[in-house]
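The values are calculated or read from the model by the stated rules, or taken from the named source; none is laboratory data. What you are looking at is a predicted structure, and each value in this text was computed from that prediction instead of being measured. Every residue, glycine as well, gets a Cβ built from its backbone with ideal geometry; the counts of neighbours run over all protein chains shown.
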Amino acid sequence: MSRDCLSPLAPGPLGFALPHGACDSHTHVFGPYARYPLAADRSYTPPENDGAALLTQLDAVGLARCVIVTASAYGDDNRAMLDALAAAPDRLRGVAVLSEGVSEADLDAMTHAGVRGVRVNLFRRDGRQVYRNGMGLDALRMLAPRMRARGWHLQAWLHAPDLPELWPSLADCGMPVVIDHMGRMSTARGIEDPGFALLCRLVADGAAWTKISGADRLTVTGPPYGDVDPFAAALTAANPERLVWGSDWPHINYFGGATDRGVPSDKDLLRALRRWTDDSTLHRILVDNPAALYGFP
């Protein structure tokens, strides 16, 4: 049975200007549910936040571009994401979730619409999958040649401690690999964790990208996410040319209650990114790198 997620917060003033052409490289859209209902079997139920709501959010924060990732609550139904892309094709790109039976025509249509990658759900804790739905390694292996032919990349949602085991399968697909949210691990594990150390080496070698994002998911202490600073510093030192940033808006899987810090503010997340970077690195992470990875004009 899924739980109802809280609504996202209004961002509030940042206190600094984002560079021209800045991109949020990880968001989701949900709805309108009358047209694009969620999967019956899902781990959470978010409130509606469709493409129009996303564009309003981008404008409020001062972001010019955005990447929409099909969320696990939609299974392999990419229609809400594709509908949002059609509203602002110069500003938006997509990352899809596919089934093994996807047709050549559908892959061509998605590429034309602005889809530039596919996401696999390999995120586990103690060997158990955390979220239902998503695409696994078997489907990825079958579809990889077709996605390579279209210039797509692979976005992997995984727990960094599992990266040493998973990396050979990801690398064998022959596509650029993007690791979500710095490996989605708790800061309590420390930067010496073997999986995070491998992520840093892969980024340093240019073998993988990562999203220097998800501070609210990694933190133990909460905002302003000071305990995430060493992880961000390790990755920026490794190779700032293989980093992008994403907000994860509208921040699903926050439910309230005594053990929940509440929905994070994009203001706090962007201020953390500003703290981690000088002007040149900030421009690279928000503008230059996403333009190269997602093919923005």
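Within segment 263-285, track down each residue that is among the hydrophobic types (A, V, I, L, M, F, W, C) and touching a helix residue (DSSP H, G or I) at 6+ places or on another chain (Cβ under 8 Å).
Start the filter on segment 263-285 by keeping residues that are among the hydrophobic types (A, V, I, L, M, F, W, C), which leaves 263, 269-270, 272-273, 276, 282, 285.
Once the filter is applied, which keeps residues that are among the hydrophobic types (A, V, I, L, M, F, W, C) and touching a helix residue (DSSP H, G or I) at 6+ places or on another chain (Cβ under 8 Å), segment 263-285 yields 269, 270, 272, 273, 276, 282, 285.
State yes or no: is residue 40 part of a loop (DSSP other than H, G, I, E, B) and out of contact with any Leu (no Cβ under 8 Å at 6 or more places or on another chain)?
So residue 40 passes the test.
Identify, from the list 113, 73, 84, 80, the residue that is touching a strand residue (DSSP E or B) at 6+ places or on another chain (Cβ under 8 Å), at pLDDT below 95 and over 18 Å from residue 244 (Cβ atoms).
73
For segment 197-210, enumerate the residues that are touching a residue at least 24 places away in the same chain (Cβ under 8 Å) and under 15 Å from residue 163 (Cα atoms).
198, 199, 200, 201, 202, 203, 207, 208, 209, 210
Does any residue of segment 62-70 turn out to be closer than 21 Å to residue 123 by Cβ, at pLDDT 95 or above and touching a Pro at 6+ places or on another chain (Cβ under 9 Å)?
Start the filter on segment 62-70 by keeping residues that are closer than 21 Å to residue 123 by Cβ, which leaves 67-70.
Of the ones still in play, those that are also at pLDDT 95 or above are 67-70.
Restricting the remaining residues to those that are touching a Pro at 6+ places or on another chain (Cβ under 9 Å) gives 67.
So far as segment 62-70 goes, yes, one or more of its residues are closer than 21 Å to residue 123 by Cβ, at pLDDT 95 or above and touching a Pro at 6+ places or on another chain (Cβ under 9 Å).
Quick one: in segment 27-44, of everything that is out of contact with any helix residue (DSSP H, G or I) (no Cβ under 7 Å at 6 or more places or on another chain) and not basic (Lys, Arg), which residue is farthest from residue 96 (Cα to Cα)?
Applying the filter and picking the extreme gives 34.
Could we say that residue 64 is over 26 Å from residue 134 (Cα atoms) and of a type in the set (A, V, I, L, M, F, W, C) here?
yes
Conditions tested, residue by residue: (1) surrounded by fewer than 20 Cβ atoms within 10 Å (Cβ to Cβ); (2) acidic (Asp, Glu); (3) without any contact (Cβ under 8 Å) to a residue 60 or more places away in the chain.
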{"residue": "227", "(1), (2), (3)": "yes, yes, yes"}
{"residue": "251", "(1), (2), (3)": "no, no, no"}
{"residue": "255", "(1), (2), (3)": "yes, no, no"}
{"residue": "272", "(1), (2), (3)": "no, no, yes"}
{"residue": "277", "(1), (2), (3)": "no, no, yes"}
{"residue": "281", "(1), (2), (3)": "yes, no, yes"}
{"residue": "294", "(1), (2), (3)": "no, no, no"}
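Run down 95, 118, 102 and say which single residue is under 30 Å from residue 189 (Cα atoms) and either in contact with a Lys or Arg (Cβ under 9 Å, 6 or more places away or on another chain) or in a helix (DSSP H, G or I) (or both).
So the residue among 95, 118, 102 that is under 30 Å from residue 189 (Cα atoms) and either in contact with a Lys or Arg (Cβ under 9 Å, 6 or more places away or on another chain) or in a helix (DSSP H, G or I) (or both) is 95.
Can you tell me how many residues in segment 62-92 are touching an Asp or Glu at 6+ places or on another chain (Cβ under 8 Å) and assigned to a helix (DSSP H, G or I)? Steps first, answer last, please.
Quick first cut of segment 62-92, residues touching an Asp or Glu at 6+ places or on another chain (Cβ under 8 Å) only: 63, 65-67, 70, 75, 80, 83-84.
Among the residues that remain, those that are also assigned to a helix (DSSP H, G or I) are: 80, 83-84.
Residues that pass the stated criteria total 3.
If I filter segment 1-55 down to residues being under 23 Å from residue 116 (Cβ atoms) and of a type in the set (Ser, Thr, Tyr), which single residue comes out as surrounded by the most Cβ atoms within 10 Å (Cβ to Cβ)?
The qualifying residue surrounded by the most Cβ atoms within 10 Å (Cβ to Cβ) is 25.
Please find, within segment 56-89, the residue that is surrounded by the fewest Cβ atoms within 10 Å (Cβ to Cβ) out of those that are among the small types (Gly, Ala, Ser) and farther than 29 Å from residue 101 by Cβ.
So, considering only residues that are among the small types (Gly, Ala, Ser) and farther than 29 Å from residue 101 by Cβ, the one surrounded by the fewest Cβ atoms within 10 Å (Cβ to Cβ) is 60.
Do the conditions hold for residue 214, that is, is it surrounded by 15 or more Cβ atoms within 10 Å (Cβ to Cβ), among the small types (Gly, Ala, Ser) and at pLDDT 95 or above?
Here the answer is yes, as residue 214 does meet what is asked.
Taking the condition of being part of a helix (DSSP H, G or I) and surrounded by 14 or more Cβ atoms within 10 Å (Cβ to Cβ), how many residues in segment 148-179 meet it? Talk me through it step by step, then tell me what you get.
Within segment 148-179, the first condition is being part of a helix (DSSP H, G or I), and the residues that meet it are 148-149, 160-172.
Narrowing the set further to residues that are surrounded by 14 or more Cβ atoms within 10 Å (Cβ to Cβ) leaves 148, 160-163, 166-167, 169-171.
Count: 10.
Within segment 129-152, does at least one residue satisfy the condition of being farther than 18 Å from residue 248 by Cβ, in contact (Cβ under 8 Å) with a residue 24 or more places away in the chain, of a type in the set (A, V, I, L, M) and in contact with a helix residue (DSSP H, G or I) (Cβ under 6 Å, 6 or more places away or on another chain)?
yes
Helices (runs of 4 or more DSSP H) wholly in segment 222-297 with at least 1 residues that are over 17 Å from the mean Cα position of the chain (by Cα) - which ones?
Numbers: elements: 229-238, 266-276, 279-283, 289-294.
Output list reads 229-238, 266-276, 279-283.
Evaluate the following for residue 227: is it modelled with pLDDT of 95 or more, touching a Ser or Thr at 6+ places or on another chain (Cβ under 7 Å) and of a type in the set (Asp, Glu)?
Details: modelled with pLDDT of 95 or more: yes; touching a Ser or Thr at 6+ places or on another chain (Cβ under 7 Å): yes; of a type in the set (Asp, Glu): yes.
Against the criterion (modelled with pLDDT of 95 or more, touching a Ser or Thr at 6+ places or on another chain (Cβ under 7 Å) and of a type in the set (Asp, Glu)), residue 227 qualifies.
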